[in-house]
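Working notes, structure below.
The values are calculated or read from the model by the stated rules, or taken from the named source; none is laboratory data. Treat the numbers as computed from the prediction; the structure is a model and nothing was measured. Methodologically, a virtual Cβ is constructed for each residue, glycine included, from the backbone with ideal geometry; neighbour enumeration extends over all protein chains shown. What goes into the accessible areas is simple: the full protein's heavy atoms, side chains included, and nothing from ligands, DNA or RNA. Shrake-Rupley method; radii C 1.70, N 1.55, O 1.52, S 1.80 Å.
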Amino acid sequence: MPPAVRIALLRPLARRHPHRYGPRLAEALVTRSQQVKVSARSVPGRTAAAAEAVTLRRRLEAEQPGSHRVGLARALVAQAAVPDDRTVAAALAQCEEAIGYVEDATDRAALLVLAEARRLAATYLYQSGEVRDALRLAQRARSTWDRLVPRTVAERMRSALTLSVIGDCQAALQRHEEALAAREEAMALYRRTPLLRQARWLPAGLPIAIGLVESLAAVGRLDEAVDLAAETRTELRFLARVRLRPELVRPRLGRVSTTLARCRLALDDPAEARRAAEEAVDHWRSALADGSSQDRGGLGDALLVLAEVTRGTGRGDEAAEQLAEAVDVVRGADDDLLARALTELVVVRVAEGDGPAVQELLAELVDLCRRHHERLPEVWRPRLAVALSLTCAMPGFDWPSAPAAGATPPRVPPATEGTVPAETLQAAQAAGREAVELGRLLAGADPRYRNLLSGCLFGLARMVHLGGDPRGSAELLDECVAIRRELFAEDPAKHRLSLTEALSDLGNRRHAVDRSDEALDAYRECVDLLRADPQQVDQATLLTPLRNLMRVLWRLDRKAEANHVWDEIRAVEESVGTAGPDPA
């Protein structure tokens, strides 16, 4: 019997015999509130049914204390689950009240309510930014589902939704492998749903699929991510054509198109990446314009991808405009995306030589990271370290008086010793030392952050040298070189150039304090590394290390070796079309 018919029949009976028929009416109302239909017109009816069920259960519980706690909890969970205009805080309070009624229960009916209440509460905590608390509660909900062993389609799908929340939390904490495992399990449960029943659960299945696409992309399984994204986008486009649930379709089309653009870009297909990114931006703009979504973060994320594609095609000015728009869109709406957008915009402004703009952006980025790094250290501490390291590097450039114009502005030259004001240097070094301490903390807990630490050390070493302390700079570079040697041993192609850069600077510092033998060792190792891979290394990159090597050999009175290196320098200069001064 349809719930609406049952409700109509039970209402007069419940008025006459409330304690006999009231619970039955409440259950029918809860069932009605859980009818998730493709049409958006079902939401007001669900809201009204859930509110009536809660009111009825509260009255019954007041008249018969202790007899209707499970029923009241179930009604509260049903009301919290309806996507109406109530605030997240109000829905979370209802879930917490429901958990309090059934937390100590042992029967199956109460455990079902407890699992769903914990799942919904975790969802709302996640939306509020309390990711750690959300993950703990979602994992407790999963434990409850493991005890219950879902039997029906509805129970399996609610278990899948619990796994989806776990995946969202793990992804937010940058634990991409764990997020992928949870989302794959959730997708497997959704695919077990009979085809004729999947339409009911489509609003749940689509975000599960999109989350899985994002996780596959995050761990590098790009081809699988593209295939699933294309399949999901086809389903969403069908819904868009038949004009069902625009508030559901447009934001999800934007989200899946954004991820598809990232995958295409990683697969070196910039044309398809641009098409997908532009489509994502269009979907998000439409969703925001017609009110079907208030998620400005989605548009900001799509603009970030579009800017990355644009910058890859050499259109730096256009990319800068897209990044600036992304910053404006997400400011005050999504701090995670704001940090990413600010970091990308800093890189573009540095390339343009716009020193004042870079300083302003970095100040905002550092402040943003400081506000969050205690709450989610695994996400925000690396960002804070990067922001502080960039702040440290700022005085190391001789910024032009006005930003450079054009698609390929000239490279900003480095500053020289004695040209940077003492106060500026002290502030930069303080930022650099804080970045190094954060980098050491991160790398000590997770080896993946060794590269971040080496970059912080390298930047601080340059600032210390500009401050007139080559010995202190050399000590920092010793640590940097040791880390980059480890990284080079693991992945030579990726870390060869960064190691040679550190070795070159270390040789310069050793040479500056008259430790020429140690400088020679650093220069020779640098040159040997560059010679070893002519396919990857541009020949012009060899010139400065070779000249450094020649000068230190000359200083050590090893003129025959110096002349041999000079011959190599002349050969490289001829091959790349440059010429330097004669060493004499």
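Data table
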| quantity | calculated |
| --- | --- |
| Debye, to nearest 20: dipole size of the chain, +1 on Lys, Arg Cβ, -1 on Asp, Glu Cβ | 4160 |
| Value of [θ]222 nm, deg cm²/dmol, for the chain, DSSP H segments ≥ 4, -39500 (n - 2.57) each, nearest 500 | -26000 deg cm²/dmol |
| Full-stretch length increase - Ala154, Ala427 - with 0.36 nm per residue and alpha-carbon distance subtracted | 92.4 nm |
| Karplus-derived 3J(HN,Hα), 6.51/-1.76/1.60, for each residue of segment 535-542, Hz, glycine and proline x | 5, 8, 8, 5, 4, 4, 5, 6 |
| Packing-based ranking, highest mean first, of 140-147, 449-456 given that Cβ atoms within 10 Å are counted | 449-456, 140-147 |
| Backbone N under 20 Å from the Ala540 label point (7 Å along Cα→Cβ), restricted to segment 336-353 | 351-353 |
| Net charge of neighbours whose Cβ lies under 14 Å from the Cβ of Gly332, counting Lys and Arg as +1 and Asp and Glu as -1 | -4 |
| With every protein chain in place, segment 520-581: carbon and sulfur % of accessible area (1.4 Å) | 49 |
| For segment 207-244 versus segment 428-502, the gap between their alpha-carbon centres in whole angstrom | 40 |
| Axial C-alpha extent at least 27 Å, average Kyte-Doolittle at least -1.0 - helices from the chain (DSSP) | 42-63, 108-127, 153-172, 222-241, 246-266, 270-289, 422-445, 470-490, 492-512 |
| Mean accessible surface per residue for the chain, computed with a 1.4 Å probe while every protein chain stays in place, in Å² | 47 |
| Given [x] 1.10; [y] 1.03; [z] 1.38, the label whose value is Rg/Rh (Cα atoms, Kirkwood Rh) derived from this model | [x] |
| Accessible surface of segment 130-219 [probe 1.4 Å, protein heavy atoms]: carbon and sulfur percent | 51 |
| Percent carbon-and-sulfur accessible area, segment 12-116, ignoring ligands, DNA and RNA, probe 1.4 Å | 54 |
| Residue-count net charge about Leu120 - beta-carbon cut-off 13 Å; Lys, Arg +1, Asp, Glu -1 | +3 |
